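Engineer: Take this structure, written in structure tokens, and hold onto it; I'll ask about it next.
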Amino acid sequence: MRLIVVIGLAGLTAGCFQPMYAEQTAVGSAVAPGIKTQMDSVEVPDIKAPSGSRLARISNEVRNNLIFDLTGGSGGSAPLYRLNVNLSSSLQQVIVDITSGRPDIQNYGLDAYYTLTEIATGKTVVTSQTFARVSYNIPGQMQRFAGDRGMRDAENRAAKVISENIRNRLASYFTAGT
């Protein structure tokens, strides 16, 4: 008897589930645009950074990741929102070789400050910040290319973390409105 009651209660709640990134959501008996449709309407302009710097490459990486995370590669729709992002980076030596004085392990940090603005009204609806800290090794003092490639991989990982954090925050805003 208990099993029948449990199955009956589970059956009643089965219709309450809605995928978070659905195209449309049911609000009562009406159908509203889903979070995917709202995220498609976010425009991501170029992220300003000094030309030719490492931060310029990372800014482009963050922007490309954001565009893909928000639109899924579909190209998006007419923009209703504008997402402005400012980045700053840091580098910290974690372990230093005592004989040579060169770093063996470093932490790369990327900080992002972003605002989401409604284009029609000019009203800022979301202002927040996020960060990413990733470490990488420099394998030996004679392998400069490996150390440089490790730093580039750390920058790419940090850019991905930043874009995922921003996407998740925007999804929260579009779902809850706060």
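The values are calculated or read from the model by the stated rules, or taken from the named source; none is laboratory data. All of these numbers come straight from a predicted model, not from anything done at the bench. All Cβ positions, glycine included, derive from the backbone under ideal geometry; neighbour counts span all protein chains shown. Side chains included, ligands, DNA and RNA excluded: accessible areas come from the protein's heavy atoms. Shrake-Rupley method; radii C 1.70, N 1.55, O 1.52, S 1.80 Å.
Engineer: Nearest 20 debye, what's the magnitude of the dipole of the chain about its Cα centre given +1 on Lys and Arg Cβ and -1 on Asp and Glu Cβ?
Structural biologist: Approximately 140 debye in magnitude.
Engineer: For Asp148 and Tyr113, what is the calculated FRET efficiency with R₀ set at 25 Å and r taken between the beta-carbons, to the nearest 0.05? Could the numbers behind the result be given before it?
Structural biologist: Values: r = 28 Å, r/R0 = 1.11.
So the FRET efficiency works out to roughly 0.35.
Engineer: Between Thr178 and Ser88, with labels modelled 7 Å along Cα→Cβ, what's the label distance in nm to one decimal, could you check?
Structural biologist: 2.9 nm
Engineer: OK, next. So what does Thr71 come to for accessible area, using a 1.4 Å probe and Å² rounded to 10?
Structural biologist: For Thr71, the solvent-accessible surface is approximately 10 Å².
Engineer: Go ahead and estimate [θ] at 222 nm for the chain from helices alone: -39,500 (n - 2.57) per DSSP H run with n ≥ 4, summed, over the residue count, rounded to 500.
Structural biologist: Calculated from helices alone, the mean residue ellipticity at 222 nm is -13000 deg cm²/dmol.
Engineer: Find how much the distance from Arg2 to Ile105 grows on full extension, using 0.36 nm per residue of separation minus their present alpha carbon separation; answer in nm with one decimal. Could the numbers behind the result be given before it?
Structural biologist: On the way: separation 103, 0.36 × 103 = 37.08 nm, distance 5.81 nm.
So the extension gain works out to 31.3 nm.
Engineer: Taking the solvent-accessible surface of protein heavy atoms with a 1.4 Å probe, what is the per residue accessible area of the chain in Å²? Please report the intermediate quantities before stating the final value.
Structural biologist: Values: 10900 Å² over 178 residues.
Counting only protein heavy atoms, the per-residue value for the chain is 61 Å².
Engineer: Follow-up question, since we're still on this one. Reported to two decimal places, what Rg/Rh ratio describes the range 123-176 when computed on Cα atoms with Rh from the Kirkwood expression? Working shown, then result.
Structural biologist: Numbers: Rg = 16.4 Å, Rh = 13.3 Å.
That ratio is 1.23, to two decimals.
Engineer: Given H placed on each backbone N at 1.01 Å, which residues far from Val96 in sequence or on other chains put an amide H within less than 5 Å of it?
Structural biologist: Result for Val96 returns Asp104.
Engineer: Jot down the radius of gyration and Dmax of the chain, Cα atoms only, both in angstrom.
Structural biologist: 21.9, 75
Engineer: Something else now. Antiparallel versus total DSSP beta bridges in the range 42-118: what percent is that, nearest 5?
Structural biologist: Details: 15 of 17 bridges.
Looking only at bridges with both residues in the range 42-118, the antiparallel portion is about 90 percent.
Engineer: Using only the heavy atoms of the protein chains and a 1.4 Å probe, how would Asp104, Asp40, Asp46 rank by accessible area, largest first? Could you put the intermediate results ahead of the total?
Structural biologist: Numbers: Asp104 50, Asp40 25, Asp46 115 Å².
Solvent-accessible surface, decreasing: Asp46, Asp104, Asp40.
Engineer: Along the principal axes of its C-alpha atoms, what lengths does the range 46-149 span, in descending order and rounded to whole Å?
Structural biologist: The principal-axis extents, from largest down, are 60, 26, 24 Å.
Engineer: Turning to a different aspect of this structure: Take the solvent-accessible surface of the protein heavy atoms, probe 1.4 Å, and return the percent of it on the range 103-178 that carbon and sulfur atoms account for.
Structural biologist: Carbon and sulfur atoms account for 51 percent of the accessible area of the range 103-178.
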